Amino acid sequence: MANTKNIGTVKHKKMEIWTLLSIGILCVFGLYLVYPLYGLLKESIRNPQGGYTFSYFTKFFSTPYYMITIWHSFHSSIVIAFVSLLIGIPLSYFYSFYKLKGAKVLFVTSILCCMSAPFLGAYAWVMLLGRGGVITSFLRNIGIDIGSIYGFKGIVLAQSLKLFPLVFIYMNGAFKNIDNSLLEASANMGCTGFSRFRKIVIALSMPTVLAAALIVFMRAFADFGTPQIIGEGYETMPVLIYDQYLGENGQDYNFAAAMSIIAIGVTALVFFVQKWTTNKFRFSINALHSVDKKDPKGIAGFFMYLYSYIIIFLAVLPQAFIIYLSFRNSKGSVFLPGFSMGNYQQAVKRLLVRSIQNTTILGVGSLAIIILLAIIIAYLVVRRGNFINNTIDTISMMPYIMPGSVIGIAMLLAFGKKPFALTGTLAIMIISLVVRRMPYTIRSATANLMQIPMSIEDAAISLGASKMKTFFKVTVPMMSNGILAGAILSWVSIVTEVSSAIILYNNKTITLTMSSYVAIERGNYGLASAFAAILTVITGISLMFYLAISKSEDVNL
C-alpha cells in the first residue's frame, strides 16, 4: 500500500515538472510576445493627452496616400507569389520527375539564393538594370531602351527571383509523395502530358501549392529592404511604418503603431483565408511506389534543361555580381577600372570585426533559445496535449503573421523604457529575433516528434528510466537531426535579418547585414559589396552544414 502511494507521489511530482514548464513558457510568451502586442495596440489608440482615440486609424483609412500602400503591399505580394509559383512549380516538376544532369547543383543553388538578405538582390539588380547599370548601359549603347527597373516591376523581379526557390523546395516534397500507380492509371485512361500535370499532379499537390504561396506572400509583404532600395515611390506598408517611426521628416509613434496593427490584420486575414482554402483540399497520400524518374529526351528534354538552368542563372546572378563588385576598385558610388582588396580593407576599418562579433553573438544566442523553446514546446504539444499547451502552440505561431518592422516597434515600445531600458542593446535584438524566427523551428520540431513512435519512450520507461531521463536520453537525441537541420536554417534567417534590425540596431549592435544595408543607403557601394560578399560566404558555409546534417531535400508542412 505504501509502495502504491509512493509511486503515485512520484508520478504527481514528475507531472508537476512538466506543468511548471508549461506555465513558465506561457509566462515567457506573455512577457515577450503578448505584452509587446498589447503595448503596440495601446500606443495605436492613445492620444498625446493620455486619453484614447481611434483618430490614427481614421487618418489612415481616410487618406488615399496611406490606403494605397495597403494596395501596393497586397498587389505586389500577390503578384510575387503568383510569379514564384509559375517559376518554381515547373522547375520542381522537372527536378522530381526527370533525371536532370546537375540536379544537385540546381537544388543547392536554389537554396542559397533564397537564404540571402532580401535587399541584396534589389541592390544587385539596380547595379545591373538601374539607370547606370551594366546591362542598361550596354543595351543603351546599341540603341535598346529597356525602361526603368524601379517601382513595382523591380520589386516583383527582385523578390520573385529570390523567393521562387521556396516554392521549388516545398514542391519537391509534395511531388515525392505522389504514388506512381496514380500516374500510370491516369496514363492508361488517356490522361497524359500537360493534362495529367494539371488534373493529377497539381491537384494532388494543391495543399502544398497553397502553403508555398502563403509563405512567399508573407515574406514579400513583410520585406522592407527591397521596396526601400528599388521601389522609388512605390510605397509599401513596412517602408511607410519605418518612415513614420524613424523617418527623417518627423516621427509619429502612435500612427506607426496604428499602421502596424493594420498590417497584422491584413496578414492575419490572408493567413486564415489560406487555411480555409487548404481545408477544402485536405486529404492524405503516401507514395507506396515512388515516381520513376525518366531521362529527358528530345526537344522536350532540351527545353527542360534550358528552362532550369536559365532560371537558376538569373536567381544566382545578383549574388555572383555582388561578389564580383566587392573586388572592383571603387570610390563612393562609382566603380573604377581595376581590381583590388580595397573594399575589404575599408570594411576592416568600418566595423567589420564588430559586425561579425555582433552577428555571431546574436545568431548563437538567439538560436540557443529558439532550440530550447522548440524542443520543450514540441514535447508539450505532441506528448502532453492539454488546454495550456494548446494555447502555447497557438501563441507561438502569432509572429508568423507579424512583419519584422512591426515586431521591432513592438519590442521598442515594450522594453525601450524603464524598468527594462533595453534600447540599443543586443538583448532587445535577441528577444526580437527569437520571437520572429521561433515559429518555423517549433513547427519543424513538432513535425519531427510526431514521426517518433511513442512506443520507444514507453519501452525506455518500462525498463526503469524516469520520464525526464527518457526525455533527455531518448526523445531529444532522436529529434536532434531534425532540430539541427531546422536550426541551421533559422541561423541563416537570423544573420540575414533586416526588417526588425533596422528598427532596433545602433552603431554598437550593428550586424553584417545592417552594415551592408547602411553602406548602400550612404552610397558606398564597394564597401556594401564587401560586407554582402562576406555574408554570402557565411550563408554558403551554413548551407553546407545544413545539407550535411539534414540529408534531405524535402520541407515537411
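Quick grid of which residues meet (1) without any contact (Cβ under 8 Å) to a residue 40 or more places away in the chain; (2) surrounded by fewer than 16 Cβ atoms within 10 Å (Cβ to Cβ):
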site	(1), (2)
L161	no, no
R198	yes, yes
M206	no, no
R219	no, no
F224	no, no
D243	yes, no
I262	no, no
*Could you check how many residues of region 91-116 are in a loop (DSSP other than H, G, I, E, B), within 13 Å of Y305 (Cα to Cα) and among the hydrophobic types (A, V, I, L, M, F, W, C)?*
1
_Of the criteria (1) without any contact (Cβ under 8 Å) to a residue 24 or more places away in the chain; (2) part of a helix (DSSP H, G or I), which one F420 fails_ = (2)
_Matching residues, region 376-388, being within 21 Å of I452 (Cα to Cα) and either outside any helix (DSSP H, G or I) or in contact with a Leu (Cβ under 9 Å, 6 or more places away or on another chain) (or both)_ = I376, A378, Y379, L380, V381, V382, R383, R384, G385, N386
*Would region 63-74 turn up any residue that is within 30 Å of I494 (Cβ to Cβ), part of a helix (DSSP H, G or I), in contact with a Gly (Cβ under 9 Å, 6 or more places away or on another chain) and touching a residue at least 12 places away in the same chain (Cβ under 8 Å)?*
yes
*asked:* Let me confirm something: among T359, T391, which residue is part of a helix (DSSP H, G or I), within 25 Å of the chain's Cα centre (by Cα), of a type in the set (S, T, N, Q) and more than 30 Å from S73 (Cα to Cα)?
replied: T391
*Looking at region 138-172, which of its residues are modelled with pLDDT under 90, assigned to a helix (DSSP H, G or I) and in contact with a Leu (Cβ under 8 Å, 6 or more places away or on another chain)?*
Y170
*Could you please find all residues in region 346-369 being of a type in the set (S, T, N, Q) and either closer than 16 Å to L426 by Cβ or crowded, with 21+ Cβ neighbours inside 10 Å (or both)?*
S355, Q357, N358, T359, T360, S366
*When residues of region 187-212 are filtered for being part of a loop (DSSP other than H, G, I, E, B), within 33 Å of the chain's Cα centre (by Cα) and over 21 Å from Q274 (Cβ atoms), how many remain?*
0
*State which residue is surrounded by the most Cβ atoms within 10 Å (Cβ to Cβ) when the search covers only region 37-79 and only residues that are basic (K, R) and farther than 23 Å from F221 by Cβ.*
R46
*Selection from region 132-154 of residues that are β-branched (V, I, T) and either over 29 Å from the mean Cα position of the chain (by Cα) or farther than 26 Å from A220 by Cα (or both)*: V134, I135, T136, I142, I144, I146
*Kindly indicate which of F152, F175, F221 is aromatic (F, W, Y), under 26 Å from A103 (Cβ atoms) and out of contact with any Lys or Arg (no Cβ under 7 Å at 6 or more places or on another chain).*
F175
*Does region 290-328 hold any residues that are basic (K, R) and exposed (fewer than 12 other Cβ atoms within 10 Å of the Cβ), and which are they?*
K294, K297
*So S340, is it exposed (fewer than 14 other Cβ atoms within 10 Å of the Cβ), over 24 Å from M259 (Cα atoms) and of a type in the set (G, A, S)*: yes
*Taking F255 and the conditions (1) modelled with pLDDT of 90 or more; (2) surrounded by fewer than 22 Cβ atoms within 10 Å (Cβ to Cβ); (3) within 24 Å of the chain's Cα centre (by Cα); (4) of a type outside the set (D, E, K, R), which numbered condition does it fall short on, given that it satisfies the others?*
(3)
*Residue by residue through region 439-479, note down the ones that are among the small types (G, A, S) and loosely packed, with under 14 Cβ neighbours inside 10 Å.*
S455, A459, S462, G464, S466
*Being out of contact with any Pro (no Cβ under 6 Å at 6 or more places or on another chain), in contact (Cβ under 8 Å) with a residue 40 or more places away in the chain, over 30 Å from D295 (Cβ atoms) and not charged (D, E, K, R), is that true of even one residue in region 84-104?*
no
*Just a yes or no: is a residue in region 330-337 in contact with a helix residue (DSSP H, G or I) (Cβ under 8 Å, 6 or more places away or on another chain), surrounded by fewer than 12 Cβ atoms within 10 Å (Cβ to Cβ) and either within 17 Å of I534 (Cβ to Cβ) or basic (K, R) (or both)?*
yes
*Determine whether region 370-384 contains at least one residue that is surrounded by fewer than 17 Cβ atoms within 10 Å (Cβ to Cβ), aliphatic (A, V, I, L, M) and either closer than 29 Å to N254 by Cα or out of contact with any strand residue (DSSP E or B) (no Cβ under 7 Å at 6 or more places or on another chain) (or both).*
yes
*Assess whether F197 counts as being of a type outside the set (D, E, K, R) and closer than 22 Å to P439 by Cα.*
no
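The values are calculated or read from the model by the stated rules, or taken from the named source; none is laboratory data. For clarity, every value in this text was computed on a predicted model and none was experimentally measured. Every residue, glycine as well, gets a Cβ built from its backbone with ideal geometry; the counts of neighbours run over all protein chains shown.
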